[in-house]
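One structure is given here, and the rest of the page talks about it.
The values are calculated or read from the model by the stated rules, or taken from the named source; none is laboratory data. Just so it is clear, the structure is predicted and the values come from calculations on it, not from any experiment. What goes into the accessible areas is simple: the full protein's heavy atoms, side chains included, and nothing from ligands, DNA or RNA. Shrake-Rupley method; radii C 1.70, N 1.55, O 1.52, S 1.80 Å.
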Amino acid sequence: VVPTGNIFVGIVIYAIGMVIFTMIMGNAFAAFSVITAGIGIPFIIKNGGNPAVIGALGMTAGYCGTLMTPMAANFNIVPASILEIKDKYGIIKVQAPMALLLLVTHIILMLLLFGVK
C-alpha cells in the first residue's frame with residue numbers, strides 16, 4: 001500500500017498510526033514501540049530519517065491520541081468526574097481541536113526535520 005521510498009506517506013502514516021493506536025491503548029508508551037517497529041523503522045528510518053527526530057516527534061505525536069480518547073481515563077474521564085461536568089466527554093471535546101492541530105504540526109516538523117543521514 002505504501003510506495004517504497006515515499007517519505008511523505010511514511011511520515012503521515014507513522015504519525016496517524018501513533019495517534020490511532022494510542023487512542024486504542026490509552027497510552028503512547030505502548031503504541032510507540034509497536035508503531036515504530038512496524039512503520040517507523042522500515043518506512044522512515046531505513047529511508048534515511050534521523051532516528052532521534054523521528055522518535056521524539058513520533059512519541060509526542062502519540063500524545064495527540066491521548067488527548068482524544070476516553071481510554072486515557074486519568075487524563076480525560078476522571079477530571080470530568082471530579083469537576084462534576086455534566087458531559088463526561090466534555091474535556092475530550094475541548095482538547096480534540098488542539099490535538100488535531102498538534103498532529104498536523106508534528107507531521108510538518110517531521111517532514112522539515114527529516115534529517116537525512
Cα-based Kirkwood hydrodynamic radius, the range 13-82, one decimal, Å: 12.2
In Å², nearest 10: area of Val34 left accessible to a 1.4 Å probe: 80
Accessible solvent surface per residue of the range 2-117, calculated while the other protein chains remain in place, 1.4 angstrom probe, Å²: 54
Between 0 and 90°, nearest 10: helix 73-82 axis offset from the chain longest Cα axis: 20
Sulfur and carbon atoms: percent of accessible area, the range 15-98 [1.4 Å]: 73
Zero-based 10 Å bins, Cα pair distances in the chain, whole percents: 16, 43, 26, 12, 4, 0
Relative contact order of the range 1-86, pairs being alpha-carbon contacts under 8 Å that are 6 or more residues apart, as %: 36
